[in-house]
Amino acid sequence: MARATDPFPSVRLLWAKTLLLFVVSLAVGAAVVGLSERYHTERLRNAVISAATSEGMLIQQRLNQTLSATHALAALVRQGNGRIEEFEAVATQLLPFYQGVNSLQLSPDGIVRQIVPLAGNERAIGHNLLHDDARTTEARLAIETRQMTLAGPFKLVQGGHGVAGRLPVFLPDAGGGERFWGFTGVLIKIDKLLQVAAVHKIVDKGYHFELWRLHPDTGERDVFARSSPTPLQQAHDFDFDVPNGRWTFSIEPKDGWRDGGALTGKIVAAVLASVLVAVLGHAILRQPVLLRRMVDERTRELAAYRETLERRVAERTADLAARKEIERQLREAKDAAEASSRAKSNFVANMSHEIRTPMNGIIGMTELALETEDAAERREYMQIVKSSAHSLLTVINDILDFSKIEAGKLRFERIAFDLRRTVAEALEPLGPDAQGKGLALRCRIGEAVPAQVLGDPWRLRQILLNLAGNAVKFTERGEVVVSVDALPQADGSLSARFAVGDTGIGIPQHKLADIFEAFSQADNSITRTYGGTGLGLTIASRLVTLMGGRLAVASEEGRGSTFHFTLPLEPAGAAAPVAAEPPPAAAAGSGLHVLLVEDNPTNQQLATRLLEKRGHRVTLAVDGREALDKVMAASDFDLVLMDMQMPVMDGIEATQRIRRFEAEHGGRRLPIIAMTANAMAGDREACLAAGMDDYLAKPIRVADLAAKLAACAAAARPPGASG
């Protein structure tokens, strides 16, 4: 009798397959856990790198900003030729601008003489930085290299660690060389520096940090700030340079690189899942049909899970690529911002020089004039004061013009004027400078250019004066040529091409695209060598654009430059308004009764003297309220000269109330002219909108004031009366 065949596998084979299924399931679970943990670690590492880089760069930036206080002190020392008057007051004003500074120090001949604030720093007074001990290495290195050095970190008497930045200062000596004066220094508390850099945000985000360096003598790790009670073990380091050294900022996650609790849970879950699969498989193996079905389903699930993992890996790869692109864009934006910041810082420093230079002449020559008894000598000094004041006014006008252009408040005239005369007037002030340098200053105007054209002669003169002035300034030999040519257009209209060429220093090709930008010159050394605000070409370019043209330049370094632009040219008709000459000064018999509204005593005296010397009678009001009371009490005023900013009541409100009073009582309209130092964009419009009739910006030009008074006198004179 034949033995029946068992349709199920033997017990031993069944358990073998069950064990194999368990091992496979466990391997798959381990793979899933490994990929998940790797993803977590990689994400955490990228976050740590980003945090360390951004915070390290911020610490470096705050440190450099704080150390720059030594340069500010050095500039004051040089300006005072080795002395800083009222150092404590100056230092007290500087400290708020440098938040990381604990104290400012002056060390003439290397000996600490002055410290602000002194409280807590008394023990440092009298310390010789050049004495032969362990702390003089940086001081001597500073003198040898003539560069700033950073001493420390070292423990402070006040507690904590600190570093000292020292900048050597050299002054000219009698022999034409330079002598070592001493050091300007800052003391920086590490804790305060980290507070300014907001390092606490790193700790709040779940990281520990250390700020350290390798000791230059021992080579050992010198930690001077950390958030963890124990040294970091697997930190990410960000190195950055400091004067004569390098610091390292390290951070690592507080909870470590691996999430221990989550990893244990994942492993337990994988093991339990594998056991469950084995148990189920053991049961399924008993039924071949059901087993086959379950295996197929499991295979499909695994395939889907694998696709999910592959998709996540692909997404992660794409995320990393996108992050790198964002980081690249951030670096470019940071570089552009830093370049802009440097350009503006250079502009501010240059502007300070341009303002202080004529101001020095004004103050110095005024003091000399007050000391001398010689009338001729005093007149010479006052001529220099006047010239310096005009130079200072030119700088201020450049800033105001730039402000008006940026605010869109610049106004243009449209009147008939003599183009040839305007070009000649633009070049006339440059004649002495060109002659003094031996330059040929020539002007060429084409025959087809109309004599009378419509436009704004003052803005055109400003553009040509700026371009030709630059040409004379930057040309040492040869010639400067200004040319104007008429260009017929296809529609029958005319354009004028203006060109200013020179044989000067020229401009490098890679700098041509930047010279018309605000706060930019071809080279910072140009400002130091030739002077200027750096706004001239920007203003000229913007004016040309607003007038319908475009300023361009062709240049070759060492051979000269040609600036050129084209403007629409409209010949003036017979009925077009013509640019008027300033009216003559008021005659002796045409004196006006002027109400002068001014709160500043010096300006009161100046305006009163100017008016009375020209035959006018002056009544003074020290604020808008007093001016309103006097207008309401008297009706014999011919003119009001109104300041804007005054106590009690300002000029705007006073003017509005005067106009309201006139409307309510039916009185005549009293002419009111603003005479104010408010000369920014919109100030003129604000005065006219308040009801004023005209506007004079301080400092007042005598000719402009005389013209306004003459016009007012002519308007007030009865018909048929003689001047």
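The values are calculated or read from the model by the stated rules, or taken from the named source; none is laboratory data. These figures come from a predicted structure and were not determined experimentally. Quick reminder, even Gly has a Cβ in these numbers, built from the backbone with ideal geometry, and neighbours come from all protein chains shown. These area figures cover heavy atoms from the full protein model, side chains too; ligands, DNA and RNA do not enter into them. Shrake-Rupley method; radii C 1.70, N 1.55, O 1.52, S 1.80 Å.
Summary of packing: across the peptides 296-304, 194-202, 162-170, the per-residue average of other C-beta atoms within 10 Å ranks them, highest first, as 162-170, 194-202, 296-304. Taken along its three principal axes, the alpha carbon spread of region 440-483 comes to 36, 23, 8 Å, from the longest extent down to the shortest.
Using heavy atoms of the protein chains and a probe of 1.4 Å, the accessible area assigned to K511 is about 70 Å². Rounded if a/c is under 1.5, else prolate if a/b beats b/c, else oblate: with a ≥ b ≥ c from the C-alpha gyration tensor eigenvalues square-rooted, which is region 51-127? The shape class here is prolate. Residue ranking by accessible heavy-atom surface, 1.4 Å probe, largest first, among T602, T92 comes out as T602, T92. Taking 7 Å steps out from each Cα toward its Cβ at R420 and F240 produces label points 6.5 nm apart. For N81 and K613, FRET efficiency with R0 = 35 Å and r from the beta-carbon atoms, rounded to 0.05? For R0 = 35 Å, the calculated efficiency reads 0.25. Measuring only protein heavy atoms, the 1.4 Å probe finds H127 accessible over about 80 Å².
The residues V271, V597, sorted by heavy-atom accessible surface at 1.4 Å with ligands and nucleic acids left out, run V271, V597 from largest to smallest. Taking amide H positions as modeled 1.01 Å from N, with prolines and chain starts lacking one, the residues under 5 Å from W181 and 5 or more places away or on another chain are V169, F170, L171.
Using only alpha-carbon positions in region 89-137, the gyration tensor eigenvalues give semi-axes of 22, 11, 10 Å once each is multiplied by 5 and square-rooted (largest first). Both numbers refer to the Cα atoms of region 118-205; Rg and Dmax are 16.4, 60 Å. Accessible surface computed residue by residue for region 74-179, with neighbouring protein chains in place and a 1.4 Å probe, gives 56 Å² per residue. Along region 98-107 the Karplus relation, 6.51 cos²θ - 1.76 cosθ + 1.60 evaluated at θ = phi - 60°, assigns HN-Hα couplings of 10, 5, x, 7, 8, 7, 10, 9, 10, 10 Hz to successive residues, with x for each Gly and Pro. Annotation: amide H of A225 within the under-5 Å range of L211, sequence separation 5 or more or interchain, hydrogens built in the peptide plane. Ranking W247, W458 from most to least accessible surface, computed with a 1.4 Å probe over the protein chains only, gives W458, W247. Within region 190-237, the proportion of Cα pairs with more than 14 Å between them is 56 percent.
Just to confirm, what accessible area per residue do you get for region 205-259 at 1.4 Å probe, in whole Å²? It amounts to 56 Å² per residue over region 205-259.
Highest mean packing first, where packing is the average number of other Cβ atoms within 10 Å per residue, the peptides 614-626, 638-650, 320-332, 36-48 line up as 638-650, 614-626, 36-48, 320-332. When the Cα convex hull of region 126-272 is projected onto planes of every orientation, the mean area is 12.6 nm².
Near V618, the amide H atoms lying under 5 Å from its own belong to V594; only residues 5 or more places off or on other chains count, and H is placed 1.01 Å from N.
With a threshold of 19 Å on the Cα-Cα distance, the over-threshold entries among K254/K334; K201/K254; K155/K192; K613/K708; K205/K254; K386/K437 are K254/K334; K386/K437. Share of carbon and sulfur in the accessible area of region 1-133 stands at 58%, probe radius 1.4 Å. Rounded to whole numbers, the Karplus 3J(HN,Hα) couplings from phi for region 191-200 are 4, 5, 4, 5, 5, 5, 7, 6, 5, 4 Hz, using 6.51 cos²θ - 1.76 cosθ + 1.60 with θ = phi - 60°, and x at Gly and Pro. Rolling a 1.4 angstrom probe over region 452-510 with all protein chains present gives an accessible area of which 56% lies on carbon and sulfur atoms.
Applied to region 227-243, the Karplus parametrisation 6.51 cos²θ - 1.76 cosθ + 1.60 on θ = phi - 60° returns per-residue 3J(HN,Hα) values of 9, 9, x, 10, x, 6, 9, 10, 7, 9, 9, 10, 8, 8, 7, 10, x Hz, with x for Gly and Pro.
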